[in-house]
Each structure stands twice: as C-alpha cells, then as structure tokens.
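Undergrad: Quick one: the structure is below, questions incoming.
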Amino acid sequence: MVALYIVPTPIGNFGDISARAIEVLQQVDLIACEDTRHSGRLLSHFGIETRKTALHDHNERDRAQWIVEQLNEGKSIALISDAGTPLISDPGYHLVNHVRQAGHRVVPLPGACAAITALSASGLPSDRFSFEGFLPSKEKARIDKLEFLKEDPRTLIFYESPHRILYSLAAIVDVLGADRQVVMAREVTKTFETFLSGTAAEVLALVEADDNQQKGEMVIMCHGFTLSDEEGIPAVAVATLKLLCEELP
Ligand code: SAM
C-alpha cells in the first residue's frame, strides 16, 4: 500500500523491535533514516536490504517534498529515527505534516519510546503526565521552563543527555524544590539499566557521587505539584464549607 509508515525501533535492546516493524521495513521501497550509517547496523542485523535515504533536522523540509514525489509515483516509504519512536524528540513532524497535506496516508506502528517505557516502571503517577522533551541548554531558559511547570500537577517527563544531567537536576532542586520526588531512568532496556529514585536533592547527590550515573541515556521524571499539608485545605474543612453552602440562605 502506498503510504508513509512511522516505524519505531529499539531504544537499546534489538529484541524490542516488532515483527510488523521488520515486515514493513522489508517491504517498503525506501527507508528514511535520521542517520543511515547508524540505522544500517540495525537493518543489517535483521537482514533488511531496503534502500535508505537520510532525513534529519537539517534537511527535513527539503526532503519532505521529495518524499511526497516518491509517494506520488506509487512508492511506499518508512520513517525511522536513531532509536525509539520517530517525531518524539526526533525528526519527522514536518514530513508527516507535508505528507498528510499532500493527501497521502500516514500509517503509525506502535513500539519503543524511552519516555513511556521509563514512566511505566517509575512508580510515579501515570494517569496524567506531561512529556517535555529536553530542557533548554541555556540556564535562564531552563529555569524559566521549570518555573512555568512548577505548579503543574501532572508527572513531568524530561529527556536528558550526559553532559547536561547535573545542571538539569540542580535546576530541578532549585525551582521545583529539594523535596520533589524524582526518578531518573538510565540506559533503559540495556545492560546497565538503573532507576534512581528519591527526593530531587537525593537523586542529585547520588548522580554527583557516581560518575557512572552521568553516562549513557537518561529520562528524568518528576512528581507533579501537590499542596503540602499546611498549604492544602483539610478534607474536613471542605466538607464543612460544602455543608454550610447548602444550609445557609
Ligand atoms: N525518539 C526517541 C524515543 O522515542 O524515546 C527519543 C530520541 S531523543 C533524541 C534521545 C533521548 O531519549 C536521550 O537523550 C534520552 O533522554 C532518551 N532515551 C533514549 N533511549 C533511552 C534509554 N535506553 N534509556 C533512557 N533514556 C533514553
């Protein structure tokens, strides 16, 4: 079928690719990869010999038009990124938008995503969450972003890189508070997978004390904002107020 297929790839463990993903990658005419050399290793591991083309942040808008032309010619195309789900802190948004506007089908496959995988094992509330991608690299913008999120009641999920992890954890301590519950999931699905949890200050101290915790790939998750006992209105007061509202003229 002529379509653009959005195909997730593993975030560390090759066993996590789906049977359908392999089938689609074998059958399409072309695979658009963030980095053809990087994806070449995964594709050759599964014996996939489909032609590859590069689609990354710097050429995505130009490439999108070319891909629409390929679809117009009846070719089917898969989009993959270096790891996980394309478009999630990865290229693909402009392409999908362009392909849809051109009237072609976009078919998503479910699969690995570091944010969801990490959240599922974090022990933090997962009924409502906000995925925030990477915090800004500049200090002021990072602080402003956290100030904006400070009173968000949902679990907050951030991606982070090894060279910025200490700055980000320190900013979380400063802005969200030293007592905010934090979980850092590192190298998920890989040999050295670790989950560190505690208050923001405790997690920062653990990461500062152990160089290994500053390596690899990591997801930081923060408990959403909750009122402390002193700030919150006790349940009994709310019930009394409700009763008064009903009874008073
Ligand atoms: N598209 C990917 C996804 O679906 O998760 C995310 C790509 S983003 C460029 C890369 C970031 O994802 C890393 O810096 C890290 O924050 C997170 N990440 C990717 N793989 C991970 C893993 N195995 N363990 C922890 N975090 C991971």
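Undergrad: If a residue must be more than 25 Å from the chain's Cα centre (by Cα) and aliphatic (A, V, I, L, M), how many such residues does region 46-76 contain?
TA: Looking only at that region, the number is 4.
Undergrad: Which condition from (1) within 11 Å of the ligand (Cβ to nearest atom); (2) under 25 Å from Y93 (Cα atoms); (3) surrounded by fewer than 20 Cβ atoms within 10 Å (Cβ to Cβ); (4) not hydroxyl-bearing (S, T, Y) is the one that P162 breaks?
TA: (2)
Undergrad: Is at least one residue of region 130-141 aliphatic (A, V, I, L, M), at pLDDT 95 or above, surrounded by fewer than 14 Cβ atoms within 10 Å (Cβ to Cβ) and not in a loop (DSSP other than H, G, I, E, B)?
TA: Yes, because at least one residue in region 130-141 is aliphatic (A, V, I, L, M), at pLDDT 95 or above, surrounded by fewer than 14 Cβ atoms within 10 Å (Cβ to Cβ) and not in a loop (DSSP other than H, G, I, E, B).
Undergrad: I'd like to check something: does region 189-199 contain any residue that is in contact with a helix residue (DSSP H, G or I) (Cβ under 7 Å, 6 or more places away or on another chain), within 16 Å of the ligand (Cβ to nearest atom) and at positive phi?
TA: Yes, the conditions are met somewhere in region 189-199.
Undergrad: Within region 142-203, considering only strands (runs of 3 or more DSSP E) that don't extend past its boundaries, which have at least 2 residues that are under 16 Å from the mean Cα position of the chain (by Cα)?
TA: 155-160, 181-186
Undergrad: Taking region 204-224 on its own, how many of its residues are within 15 Å of the ligand (Cβ to nearest atom), surrounded by 16 or more Cβ atoms within 10 Å (Cβ to Cβ), of a type outside the set (S, T, N, Q) and not in a strand (DSSP E or B)?
TA: Matching residues across region 204-224 total 3.
Undergrad: Hey, another quick one. When you scan region 132-155, how many residues do you find that are within 18 Å of L119 (Cα to Cα) and touching a helix residue (DSSP H, G or I) at 6+ places or on another chain (Cβ under 6 Å)?
TA: The total comes to 1.
Undergrad: Does S81 qualify as being at positive phi, among the polar types (S, T, N, Q) and near the ligand (Cβ under 10 Å from one of its atoms)?
TA: no
Undergrad: Could you please find all residues in region 14-45 being in a helix (DSSP H, G or I), hydrophobic (A, V, I, L, M, F, W, C) and more than 20 Å from the chain's Cα centre (by Cα)?
TA: Within region 14-45, A19, I22, V24, L25, L42, L43 qualify.
Undergrad: Name the residue, out of L119, L55, L79, L87, that is at pLDDT below 95 and among the aliphatic types (A, V, I, L, M).
TA: L55 is the lone residue from the list that is at pLDDT below 95 and among the aliphatic types (A, V, I, L, M).
Undergrad: Let me ask something additional. Restrict the check to region 125-141 and report whether at least one residue is closer than 30 Å to A21 by Cα, in contact (Cβ under 8 Å) with a residue 60 or more places away in the chain, under 16 Å from the mean Cα position of the chain (by Cα) and more than 16 Å from the ligand (Cβ to nearest atom).
TA: Yes, some residue in region 125-141 is closer than 30 Å to A21 by Cα, in contact (Cβ under 8 Å) with a residue 60 or more places away in the chain, under 16 Å from the mean Cα position of the chain (by Cα) and more than 16 Å from the ligand (Cβ to nearest atom).
The values are calculated or read from the model by the stated rules, or taken from the named source; none is laboratory data. Please read all numbers here as calculations on a predicted model, not as lab measurements. Don't worry about glycine lacking a Cβ; one is built from the backbone with ideal geometry, like all the others, and counts go over all protein chains shown.
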